[in-house]
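Trainee: Sharing a structure below in structure tokens format, with a few things to ask.
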Amino acid sequence: MTSTSTSASSSLPQMSGKTYLTDSGLETDLIFNHGIDLPEFASFPLLGYDSGRTVLADYYADHWQIAQRHNVGVVFDTPTWRASPDWAAKLDYDLGSLATFNQDAAALLLQVKAESGADDETFVVSGNLGPRGDGYVPGDLMSPDDARSYHSWQAEQFAAAGVDLISIFTVNYVNEGLGVANAIADVGLPAVISFTVETDGRVPDGATVGEAIARVDDEATQAPAYYMLNCAHPTHVLDTLRQDGAWKQRIRGFRANASRMSHAELDESESLDAGDPQEFGELFVDVRRAAPSISILGGCCGTDSRHIAQIAEAASASGQL
């Protein structure tokens, strides 16, 4: 098994087990709640003009205020889930422009951090990678080496920009997660691999969460700092998290969807299903009881600052903060 401890990953404050909040479903929030058009579901182009930067800065500031009210830290991800070469090409951006967007994304969060007055323990900045292909369906599958090569370019941008770690979200097949872990290790930063799961609790390629984590840990040149799950409703992961296994201790975070719908149903939906924010927050209490190692809490598709506030409220009421 690859070593799971490095000086870089062990220095991450969110590894302490204290509660940290993340932001929410940035793209769905902007599209459905703010009426902002995001071609290809890409938020990074907003960095290209002043009003767009203000929208993004305000989004993160709103989430920071929730954390501040509850005296917890944050792990915020850059608005770059689609800021990789293949997706940028669909939006007619060249690599030079894309490099600037990735670096500006990190700079924006570092600026929000500076203006908040937060210290390094309280405000953690993560460079956000997304899958090369569709977020829900494994298609055009890469080998681990191909995934490493593809994602290395964006990882290098983040390393130069001064982020604390690099995370990839909505990984739907294990080879891509393994390749990304190696790409991030190559630039010397801690890695976080976040798998998405279907309603049955399995990664879309059919692997169990335990199998996915074990394979990446065993085969990566440097094992990730930790794992997360995202883009699934809490009820989709509870049965998995109630299972036993050493792999479960490797999961430190969960960013949940507001909707109970499957990925296929969400893909076909033309309206936002924001669910019930209060119930959403209360379900996180159940998630943490099933997997006490999970202490990094936040939202994904369909969620906004209301859902993050309810996570914090429920955690406080249950004594989990």
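Trainee: Hey, if we sort S11, S24 by accessible area with the 1.4 Å probe, largest down, what's the order? The partial results should precede the final answer.
Mentor: Details: S11 80, S24 5 Å².
Listed by decreasing accessible area, they come as S11, S24.
Trainee: What list of ³J(HN,Hα) values in whole Hz, one per residue of segment 180-196 in order, does the Karplus curve 6.51 cos²θ - 1.76 cosθ + 1.60 (θ = phi - 60°) give from phi, with Gly and Pro shown as x?
Mentor: Per residue, the Karplus-derived 3J(HN,Hα) values read 5, 4, 6, 4, 6, 4, 4, 9, x, 10, x, 10, 10, 10, 10, 7, 8 Hz.
Trainee: Roughly what % antiparallel, to the nearest 5, for the DSSP beta bridges in the chain? Could you put the intermediate results ahead of the total?
Mentor: Numbers: 0 of 29 bridges.
Once the DSSP bridges in the chain are tallied, antiparallel ones form about 0 percent.
Trainee: Taking springs between alpha-carbon atoms closer than 10 angstrom, which of S152, S295, S116 fluctuates most in the Gaussian network model of the chain?
Mentor: Sorting by GNM fluctuation, first place goes to S116.
Trainee: Label A160 and D239 with points 7 Å out from Cα along Cα→Cβ: what is the distance between them in nm?
Mentor: Label at A160, label at D239, 4.7 nm between them.
Trainee: From the phi angles alone, apply the Karplus equation (6.51, -1.76, 1.60; θ = phi - 60°) to segment 123-133 and give each ³J(HN,Hα) in whole Hz, x where the residue is Gly or Pro.
Mentor: 10, 10, 10, 10, x, 9, 9, x, x, 5, x
Trainee: Test of understanding: what is the full-extension gain from L95 to T54, defined as 0.36 nm times their sequence separation minus their Cα-Cα distance?
Mentor: Values: separation 41, 0.36 × 41 = 14.76 nm, distance 2.43 nm.
The span from L95 to T54 would gain 12.3 nm if fully extended.
Trainee: Report the Cα centroid-to-centroid distance between segment 274-321 and segment 184-210 in angstrom, as an integer.
Mentor: 21 Å
Trainee: Residue by residue through segment 245-255, what is 3J(HN,Hα) from phi via Karplus (6.51 cos²θ - 1.76 cosθ + 1.60, θ = phi - 60°)? Round to whole Hz and write x for glycine and proline.
Mentor: x, 4, 4, 5, 5, 7, 8, 10, x, 8, 10
Trainee: Ratio of Rg to Rh for segment 104-198, alpha carbon only, Kirkwood? Provide the component values of the computation, followed by the final result.
Mentor: Values: Rg = 14.1 Å, Rh = 13.8 Å.
Taking Rh as the inverse mean 1/r over Cα pairs, Rg/Rh reads 1.02.
Trainee: Rg/Rh for segment 148-202: what does it come to with C-alpha atoms and Rh from Kirkwood? Numbers along the way, then the final one.
Mentor: Values: Rg = 11.8 Å, Rh = 11.5 Å.
Radius of gyration over Kirkwood radius for segment 148-202 works out to 1.02.
Trainee: A further question on this structure: Subtract the Cα-Cα distance of K18 and H70 from 0.36 nm times their separation in residues, and report this length gain in nm to one decimal. Intermediate values should be presented prior to the final figure.
Mentor: Working: separation 52, 0.36 × 52 = 18.72 nm, distance 1.23 nm.
Gain on extension, K18 to H70, equals 17.5 nm.
Trainee: Rounded to the nearest whole Å³, what is the per residue volume of the convex hull around the Cα atoms of segment 174-321? Present the calculation step by step, with values, prior to reporting the outcome.
Mentor: On the way: hull volume 16.4 nm³, N = 148.
Output value, Cα hull per residue: 111 Å³.
Trainee: If you bin the C-alpha pair distances of segment 1-154 every 5 Å from 0, what whole percents do you get?
Mentor: For segment 1-154, the binned pair fractions read 1, 8, 16, 19, 19, 16, 12, 6, 2, 0 percent.
Trainee: Work from the charge dipole of the chain (Cβ charges, +1 for Lys and Arg, -1 for Asp and Glu, about the Cα centre) and give the residue of S11, N102, A147 farthest towards its positive end.
Mentor: S11
Trainee: Quick check for you: with a 1.4 Å probe and neighbouring chains kept, what is the accessible area per residue of segment 138-252, in Å²? Spell out each step's value before the answer.
Mentor: Details: 3770 Å² over 115 residues.
Heavy-atom accessible area per residue stands at 33 Å².
Trainee: If you don't mind, another one. What are the residues whose amide H is under 5 Å from the amide H of L21, where those residues sit 5 or more places off or on another chain and H is modelled from the backbone?
Mentor: G73, V74, V75, L297
Trainee: Same structure again: Taking R0 as 35 Å, what's the FRET efficiency between E219 and Q111 from their Cβ-Cβ distance, rounded to 0.05? Spell out each step's value before the answer.
Mentor: On the way: r = 38 Å, r/R0 = 1.08.
That pair, E219 with Q111, gives E of 0.40.
Trainee: Still on this structure, please answer the following. Can you give the longest run of the chain that contains no GluC sites (Glu not before Pro) sitting in a DSSP loop with at most 15 other Cβ atoms inside 10 Å? Spell out each step's value before the answer.
Mentor: Numbers: sites that count: E121, E270.
Maximal segment without exposed cleavage sites: 122-269.
Trainee: In segment 111-175, carbon and sulfur make up what percent of the accessible area (probe 1.4 Å)? Present the calculation step by step, with values, prior to reporting the outcome.
Mentor: Numbers: 1020 of 2460 Å².
Accessible surface attributable to carbon and sulfur in segment 111-175 totals 42 percent.
Trainee: Please go through segment 33-69 and write out the chymotrypsin sites (Phe, Trp or Tyr not before Pro) that DSSP classes as loop and that have at most 13 other C-beta atoms within 10 Å.
Mentor: Values: sites: F41, Y49, Y59, Y60, W64; in loops: Y49.
Answer by residue number: Y49.
The values are calculated or read from the model by the stated rules, or taken from the named source; none is laboratory data. This one's a predicted model, so the numbers in the text were calculated from it and none came from an experiment. Every residue, glycine among them, receives a Cβ derived from its backbone with ideal geometry; neighbour counts consider all protein chains shown. Remember, those area values only see protein heavy atoms, side chains included, never the ligands or the DNA or RNA. Shrake-Rupley method; radii C 1.70, N 1.55, O 1.52, S 1.80 Å.
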